[in-house]
């Protein structure tokens, strides 16, 4: 299922009075001020009346630490401080590596009631230039990277008692999120943000769980035609999926530190991601 998304432009309104009739303008201005005050009071009253945290939308206090999960490789584990059994997410970094931005994203998702392990596929290095990031991705051993991610899954199942599991990645990590799904590892959901795609039905047929895909129609590295091929293959295989193509945005539009950042689209994509994970992972009560 492909959905086009366009954030659009905010509507604007103007009020014009009769030329030369200052008294009428004054009355109109006063009436507008009163109307705004009353409307604000009404909204405030309704908000206060319903000021309750909806079920499933609770924000949790979070603790985070570096932990070893694959040989001597350290990942970043973020989870709620409140005792409970939480679904888990293997989070996979962009081509920059496991930097502060990814760690922040891990804490944000953990605050939604998830145990998040942000993996390090570069095993300790963080790129600061596109040239170095390109070198790291091109020289990476995919077989070792897959073992790295599968070790993260094993850590979450064994050490954090995870019963539900998803993978989530952006850019380079979006492609790796898909690679983990194709590895034979059993998951409950896969999230791909503008990552490299596999469209062959034979390879995709191993996926037995829902897939969320987030893309931009101006992304030259992941063209819309490729996204549509991916979606078509998933549909033919009967794999439940939600594929969103955001209009007018390019690659890495959800990264606030990048030139392509699009705040409205990033916010909407983030909300869709949390809703998707909640739907497919939050089926167990806390202890």
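Have a look at the DSSP beta bridges in segment 62-281 and tell me what percent are antiparallel, nearest 5.
Of the beta bridges lying entirely in segment 62-281, close to 30 percent run antiparallel.
So for the pair residue 263, residue 186, with labels modelled 7 Å out along Cα→Cβ, what separation do we get in nm?
Output for this residue pair reads 4.5 nm.
Counting other beta carbons within 10 Å of each residue's own, what order do 107, 83, 147 fall into, fewest first?
Numbers: 107 17, 83 8, 147 14.
The most exposed by this proxy come first: 83, 147, 107.
In what order do 143, 82 fall by count of nearby beta-carbon atoms within 10 Å, going from fewest to most?
Values: 143 9, 82 12.
In order of increasing Cβ crowding within 10 Å: 143, 82.
Return 220, 137 ranked ascending by Cβ neighbour count within 10 Å, so the fewest neighbours appear first. Mind dumping the intermediate values first?
Values: 220 8, 137 19.
Ranking 220, 137 by Cβ neighbours within 10 Å, fewest first, gives 220, 137.
Read-outs: derived from the displayed coordinates by stated rules, not from any lab. Note that the structure is predicted; figures quoted are calculated from it, not measured. So basically every Cβ, Gly included, is an ideal-geometry build from the backbone, and we count neighbours across all protein chains shown.
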